[in-house]
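Accompanying notes for the structure given below.
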Amino acid sequence: MREQGENKMKRKSTAVWAAVLITLGLAGLAWFTVPLGWGVLNAGNAAGLLFSAAVLAVGALFPQLRRWFESERLRKGKRAALRILQLALALGILWSAVLTGCMIQGAADSVPPGEPVTVVVLGSKVNGTEPSADLQARINAAYAFLVQNPTCKAIASGGKGAGEAISEAEAIRRGLVRLGIDENRVLLEDQSTSTLENIAFSQKIIREHKLPPKLAIVTDEYHQFRAGRVAEGYGSEAYAVPAHTPWYIFSACYARELLALTNFLIL
């Protein structure tokens, strides 16, 4: 009787875990698929889609997997493997939480009132000659800051990548001028291909034009921490002018930044 009760509880817990995993897997697949509708496929949502598919598969096969892990044959080895997998998953979640905290902290480091700064607008994808949704958000944030700080000049930073008819820097400049910023306030840095080059090449322009050495970096909230640390690595004090990432591409951008920030901090 007792054994029957235990088996019933085990079947119930198995069904609950399977349902939770299947729900999480389907939700993840939907969340990471949304950016595809706006032409965004990068390492972030690709990894997210693969992980979500794996969670869905584990959920669908959970009853069989549980029986396999609890079988007598090779029980000790299988349990050790399961513990290692559980530990790796827990560490991954913890690491993601730490990086998310860093991103939040980086976006909160705003420019002190009256501080002389040079605005550096970091590039993002251009669709032909038009800014992507992500880049338009950065242009809008830069515009708002430049209106509030009329003595500041900006450096539009970003080279020309695949599928782009103009450089990211030129798209930023056109976007700011279209919104009403005097084109003489916007300098171009159109050779960079990474955040490191964005900062390094912009610093060269700052020195050439004798602009304030402190930076007000305009980029997405999730990207501010890494951009700020890159600037510090080059000896510049940097503040954040965060752009709000459109919700429909956030999953791809955030997941990609987790990978990029891990690479930056570890390597």
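The values are calculated or read from the model by the stated rules, or taken from the named source; none is laboratory data. Bear in mind that the values here come from a model prediction, so they are computed numbers and not experimental data. Note: ideal-geometry Cβ built from the backbone for every residue, glycine included; neighbour counts use all protein chains shown. The protein model used for the area step is the full one, side chains on, heavy atoms only, and it has no ligands, DNA or RNA in it. Shrake-Rupley method; radii C 1.70, N 1.55, O 1.52, S 1.80 Å.
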(request) Residues being in a loop (DSSP other than H, G, I, E, B) and closer than 22 Å to Arg185 by Cα: count how many of those fall in the stretch 121-135. (result) 3
(request) Would you check which residues across the stretch 203-218 are closer than 19 Å to Glu115 by Cα and either in contact (Cβ under 8 Å) with a residue 60 or more places away in the chain or open to solvent by 70 Å² or more (accessible area, probe 1.4 Å) (or both) and list them? (result) Ile206, Arg207, His209, Lys210, Leu211, Pro212, Pro213, Lys214, Leu215, Ala216, Ile217, Val218
(request) Would you check which residues across the stretch 225-241 are not charged (D, E, K, R) and not in a helix (DSSP H, G or I) and list them? (result) Tyr234, Gly235, Ser236, Ala238, Tyr239, Ala240, Val241
(request) Working only within the stretch 185-224, note down all residues that are touching a Leu at 6+ places or on another chain (Cβ under 8 Å), within 30 Å of Trp247 (Cβ to Cβ) and part of a helix (DSSP H, G or I). (result) Thr195, Asn198, Ile199, Ser202, His223
(request) Could you check how many residues of the stretch 96-120 are assigned to a helix (DSSP H, G or I) and either loosely packed, with under 14 Cβ neighbours inside 10 Å or acidic (Asp, Glu) (or both)? (result) 5
(message) Restricting to the stretch 160-189, name every residue that is in contact with a Gly (Cβ under 8 Å, 6 or more places away or on another chain) and closer than 25 Å to Glu237 by Cβ.
(response) Glu168, Ala169, Ile172, Glu189
(message) For the stretch 242-267: of the residues being within 16 Å of Ala227 (Cα to Cα), of a type outside the set (A, V, I, L, M) and not in a loop (DSSP other than H, G, I, E, B), which is most open to solvent (accessible area, probe 1.4 Å)?
(response) Arg256
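Table: residues versus (1) of a type in the set (Ser, Thr, Tyr); (2) without any contact (Cβ under 8 Å) to a residue 24 or more places away in the chain; (3) touching a helix residue (DSSP H, G or I) at 6+ places or on another chain (Cβ under 8 Å).
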| site | (1), (2), (3) |
| --- | --- |
| Ala156 | no, no, yes |
| Gly159 | no, no, yes |
| Ala162 | no, yes, no |
| Ala165 | no, no, no |
| Val177 | no, yes, yes |
| Gly180 | no, no, yes |
| Leu187 | no, no, yes |
| Leu196 | no, no, yes |
| Ile199 | no, no, yes |
(message) Being modelled with pLDDT of 95 or more and open to solvent by less than 80 Å² (accessible area, probe 1.4 Å): is that true of Ile155 here?
(response) yes
(request) Within the stretch 219-240, work out how many residues are touching a Cys at 6+ places or on another chain (Cβ under 7 Å) and either open to solvent by 40 Å² or more (accessible area, probe 1.4 Å) or within 13 Å of Gln105 (Cβ to Cβ) (or both). (result) 2
(message) Quick check on Gly25: is it closer than 30 Å to Val241 by Cβ, in contact (Cβ under 8 Å) with a residue 24 or more places away in the chain and surrounded by 12 or more Cβ atoms within 10 Å (Cβ to Cβ)?
(response) no
(message) For the structure I just gave you, tell me whether Leu56 is closer than 16 Å to Leu24 by Cα and modelled with pLDDT of 95 or more.
(response) yes
(request) Among the numbered conditions (1) open to solvent by 70 Å² or more (accessible area, probe 1.4 Å); (2) not in a helix (DSSP H, G or I), tell me where Arg178 comes up short. (result) (2)
(message) Return the residues of the stretch 201-219 that are of a type outside the set (A, V, I, L, M) and touching a helix residue (DSSP H, G or I) at 6+ places or on another chain (Cβ under 8 Å); say none if nothing qualifies.
(response) Pro212, Pro213, Thr219
